[in-house]
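Novice: Can you keep this structure in mind? I'll have questions shortly.
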Amino acid sequence: MSPETQHVSPQDILDYKIFARKHQNPTEKNELRQFERFHAARHLISQEMDTYLDARLTADDPSSALTVDVCGVKNGILTAVFCQTAGLDELLAKSIETINESQNASAVILLPRELDQPALKESMRVAFERGKATLEVLGWFGDTFEETFRETLGLIELLGNETRMRMLAPLLEKSGAKRDYRTRINPKLVYHNISALSDAGLLDENNEGTYELSQFGKTVLAEFITFLEKTRKTLGESKTKEVKND
């Protein structure tokens, strides 16, 4: 690893503020690129990879050395993430060519939006065909924004309901039965909301007739609660600063 390489710990990706403060590059003025690095690091760490920023990779040919924005390593397999904000350039093409020739590495090209029929160099096209390189487009920009926002808003509307949260939160501890819900919640609301939560893929019904969070439900509920807590803290900090400034 080069002196510029930074190791990213699970604690560093708890939220963007922590990541940006610890891994801010003084010469990097592009906030989108920094956010892409955060997004990539979170994903690699979620895959239980040792994760690094600005990792310099060397091949058998020293002239083919390259620096990647984010790199994950697990069981001798390396995933290199290139965070692009302005399409595919010549330097990226050379890097993908090097990755394509390696035995234990693959590449992910992270883009903020879909490209308009990108003209790929032959080396890049081959890497995509072999599965050595893939394109990942963030869903918050360009033509995909409205669809992503609609799906996200649908989940927020589903979870932003006191009755549903009273039904879901206890499932983080143990499974629940309809009869348990009916002692605390209007039975009509129980049936309606169980149906809505099941249709959304958040609930699973087991053989005993009780309900538990699906794997998707566990992830979404935990992320939603985390989002609410982070938002509450951010708003609180903002109000405190406003009072001090007054």
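Coordinate-derived values only; no laboratory data. The structure displayed is predicted, hence computed values, not measured ones. In this analysis, Cβ positions are derived from the backbone assuming ideal geometry, glycine residues included, and neighbour counts consider all displayed protein chains.
Novice: Based on the inverse mean of 1/r over its pairs of different Cα atoms, what is the Kirkwood hydrodynamic radius of the range 32-118, in Å?
Specialist: 13.3 Å
Novice: For the pairs LYS22/LYS230; LYS22/LYS218; LYS178/LYS218; LYS17/LYS241; LYS29/LYS132, note any where the Cα-Cα span goes beyond 24 Å.
Specialist: LYS22/LYS218; LYS29/LYS132
Novice: Could you tell me how many degrees, from 0 to 90 and to the nearest 10, lie between the Cα long axis of helix 215-245 and the main elongation axis, the longest principal axis, of the Cα atoms of the chain?
Specialist: Helix 215-245 and the main axis of the chain meet at about 80 degrees.
Novice: For the range 137-246, which GluC sites (Glu not before Pro) pass both filters: DSSP loop (anything but H, G, I, E, B) and at most 14 other C-beta atoms within 10 Å?
Specialist: GLU173, GLU208
Novice: Ok, one more. So how strong a dipole does the range 162-246 carry about its Cα centre when Lys and Arg Cβ are +1 and Asp and Glu Cβ are -1, to the nearest 20 debye?
Specialist: Dipole about the Cα centre, nearest 20: 340 debye.
Novice: From the phi angles alone, apply the Karplus equation (6.51, -1.76, 1.60; θ = phi - 60°) to the range 81-91 and give each ³J(HN,Hα) in whole Hz, x where the residue is Gly or Pro.
Specialist: Coupling constants for the range 81-91: 10, 10, 8, 9, 10, 9, x, 9, 10, 5, 4 Hz.
Novice: Then there is this: Note down the net charge around ARG130, summing +1 for each Lys or Arg and -1 for each Asp or Glu among other residues with Cβ under 14 Å from its Cβ.
Specialist: Neighbourhood net charge equals -2.
Novice: Another one. GluC sites (Glu not before Pro), restricted to the range 1-105: which are DSSP loop and have at most 13 other Cβ atoms within 10 Å?
Specialist: When the GluC sites (Glu not before Pro) of the range 1-105 are filtered for loop state and at most 13 Cβ neighbours within 10 Å, GLU4, GLU28, GLU48 remain.
Novice: Moving on to the next point. For the range 146-245, what is the Kirkwood hydrodynamic radius in Å, using each pair of distinct C-alpha atoms?
Specialist: 15.0 Å
Novice: Further question: Against the longest alpha carbon principal axis of the chain, how many degrees, from 0 to 90 and to the nearest 10, is the axis of helix 31-46 turned?
Specialist: The angle comes out at about 70 degrees.
Novice: In deg cm²/dmol and to the nearest 500, what is the mean residue ellipticity at 222 nm of the chain if only DSSP H runs of at least 4 residues count, each as -39500 (n - 2.57), divided by the residue total?
Specialist: When only DSSP H runs of four or more count, the value is -15000 deg cm²/dmol.
Novice: Kindly provide the trypsin sites (Lys or Arg not before Pro) of the range 141-220 that DSSP labels as loop, not H, G, I, E or B, and whose Cβ sees at most 16 other Cβ atoms within 10 Å.
Specialist: Qualifying residues, ordered by number: LYS174, ARG184.
Novice: Among the aspartates and glutamates, which have Cα under 12 Å from the Cα of LYS174 when same-chain residues fewer than 8 positions away are ignored?
Specialist: The qualifying aspartates and glutamates are GLU212.
Novice: Which whole-Hz ³J(HN,Hα) couplings does the range 150-163 yield from phi under the Karplus relation 6.51 cos²θ - 1.76 cosθ + 1.60, θ = phi - 60°, glycine and proline marked x?
Specialist: 5, 5, 5, 5, x, 5, 4, 5, 5, 7, x, 9, 4, 4
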